[in-house]
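Presented below is the structure to which this report refers.
Values quoted throughout were computed directly from the atomic coordinates according to the rules given, and no laboratory measurement underlies them. Quantities reported herein were computed from a predicted structural model and do not represent experimental measurements. In this analysis, Cβ positions are derived from the backbone assuming ideal geometry, glycine residues included, and neighbour counts consider all displayed protein chains.
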Ligand code: NAD
C-alpha cells in the first residue's frame, strides 16, 4: 500500500479532453494480485458532474442529427480497433481487477459483442407505420434519443458492464456520461483513446469519477434524462428510487444469489466441470456466479467427491503476467477478502461442513495479493448466515433437498432472482424447473446462463429494479423515446398549387 507506487491518475474526460481534478479526495486503485496501488481516482461531486454533463449536453444536438448509419460507422471502426488492442486491454483488465487473462478475454469479448449489436442500429431504430388508419390519414412511430444519459458501473466487469450501456446509448443518438467503478477505472480510460481514433465526436462519451456524492449529483441533475446502473442490490434499489423521483428513466441491476440444482441423473463429469466454472470463475465475483448448489436425493453423494477433487486441484495466483496464468485470481480488495472469509467462518460455525477450504491459501509468488482459495461448504441450511447475503467470492454453498420441488422452493425463498441452473438428463425435470424457478435467466445444463448482447440481461426480483433491462432490444427501447405522427394531406385541388 505504498502511495509512491501510484503511477496513474484518472482525470475527467469531457468534450474530448482530459482534465485533472484538483482539491478533491481520492480513492486508490489496486492491483489485487500484488496488493499494490496502481492509480488514484478523484472522488468528484456536483461541480465536476455539472461540467461533464454540460459537455455532453453541448454535443447532443449534432450527434442526434448525425444519421444512424454514420453513427454506426464509428462503432464499426471501434470494433476493429478493439480487436487490434484486444490482448493489451485484457492484460489491463486482469491487472486492475485480479481476474485471469482468460476471464478478462471473456469480459472484453462480451463487451465487443455489444458494439457489434449496436452497429446494427439503423435497423434497430426503425419505427412502425400503418397507412390509411382513417380515409386519407397515415400514422407512423419513430424513435428519438433521450438526450444526456448516464451509466454507473460495478467493479466486477471493467469492460463488459460499461459496454452494456454506452455503445447502445450513443448508437441511438444520446450523449453519455460514464461513472466507472472507482475500483477499476483504467480499462475505460484506455478505450476512450480508441473511441477518439474511431472518430467519435468530442462530448459524445464523457467520464466522471467518484462514489456516492458523484452518483447523487448525476441522479439529481436536471439535464440527465436516464440512468443505467449495475451494482449491489441496496444501492440499485436506492438509485432506482432516487432517479425516478427526479423524473428520470432508470434501469438498475442489483446483486444475486444464483441457485444451481443438481439432479441425481446429471452427467457427473460435465456437471462438476460446469459447476466449478460457475462458482469459481472470476473468483466468484460474477453476478451470474452459481454460488449456491442444491443437491437433490443421491446427487450430493454422486457429484460432490468429484467436485471437491476438481476444486482442490485449482491453482490460485497472480494474473498480471501474460505467460503464467493460474486457474483463479485474487478478489478485489483486502476488505472483501476478510468479509468472504468471515462469512465462511460464520457458515461453518452454524453447522455446515467445509469440504474444500480456501481461507488459508497462500501464494508465495505474490504474498501481498488478495487471495482466497476456492471453498466448497456442504450441508448448508436455509437459516445459515451464508444464505442471508450475496457472498460474491470463491465460495460454493451446498444445500441438500429430497425432491426437485423442494429444491425449487429453496431457490424461490431467497430475495434475488438473477440466474438459476439445473443439471439433469430429464426433459421433464428441466421443464418443471424452467417454468417454476423465480429467476430471469435460466440455464439447462449450463452453469452461467448469461445472455449475449442480442438478448436482455433479464434479472428478476431484488436483482433488478425498473422496467426495461440492459442489452438487446430492451436496451434500445430504454435509450429511446417514441414519437407517433398522424398525417393527412389535403387533395391537390384544395390547394390549387399544382393546377396553375
Ligand atoms: P456497489 O453497489 O458497491 O457499487 C456499484 C456502483 O455504485 C459503483 O460505481 C459505486 O461507486 C457506486 N456506489 C456505491 N455505493 C453507492 C451509494 N451508496 N450511492 C450511490 N452510488 C454508490 O457494487 P460493486 O461492489 O462495485 O459491484 C458488485 C455488485 O454488483 C454485486 O452485488 C454484483 O452482483 C452486482 N452486479 C450485478 C450485475 C447484474 O447484472 N445484476 C452485474 C454485475 C455486478
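Couple of notes before you dig in:
- Using the Cβ-Cβ distance between residue 321 and residue 196 with R0 set to 45 Å, the FRET efficiency from 1/(1 + (r/R0)^6) comes to roughly 0.90.
- R0 of 22 Å, Cβ-Cβ distance residue 73-residue 116: FRET efficiency to nearest 0.05: 0.95
- When each of the peptides 241-250, 19-28 is scored by how many other beta carbons lie within 10 Å of its residues on average, the order from highest to lowest is 241-250, 19-28.
- If you take the Cα centroid of segment 450-467 and the Cα centroid of segment 92-142, the two points sit 15 Å apart.
- Computed over segment 49-202: relative contact order in percent, which uses C-alpha pairs under 8 Å that are six or more apart: 33 percent
- Averaging Cα coordinates gives a centre for segment 68-90 and one for segment 249-307; these two points are 34 Å apart.
- Spin-label model, residue 438/residue 223: points 7 Å from Cα along the beta carbon direction are separated by 4.3 nm.
- Rounded to 10°, Cα long-axis angle of helix 101-119 versus longest principal axis of the chain: 20 degrees
- Cut-off 19 Å (backbone N to label point 7 Å along Cα→Cβ of residue 50), residues of segment 146-167: 148
- For the chain, the longest principal axis of the C-alpha atoms and the axis of helix 404-413 are separated by about 60°.
- Placing dummy labels 7 Å off each Cα toward the beta-carbon, the span from residue 9 to residue 144 is 4.1 nm.
- Here segment 164-223 and segment 373-445 have alpha carbon centers that stand 35 Å from each other.
- Highest mean packing first, where packing is the average number of other Cβ atoms within 10 Å per residue, the peptides 164-177, 36-49 line up as 164-177, 36-49.
- Cα gyration tensor shape for the chain, rounded if a/c is under 1.5, else prolate or oblate: oblate
- Helix axis angle, 334-349 relative to the chain longest principal axis, alpha carbon, degrees: 50 degrees
- Nearest-0.05 FRET efficiency for residue 135 and residue 365, computed from C-beta distance (R0 60 Å): 0.15
- With contacts taken as Cα pairs under 8 Å and at least 6 residues apart, segment 259-444 reaches a relative contact order of 28 percent.
- Contact order normalised by residue count of the chain, Cα under 8 Å, 6+ apart, percent: 18 percent
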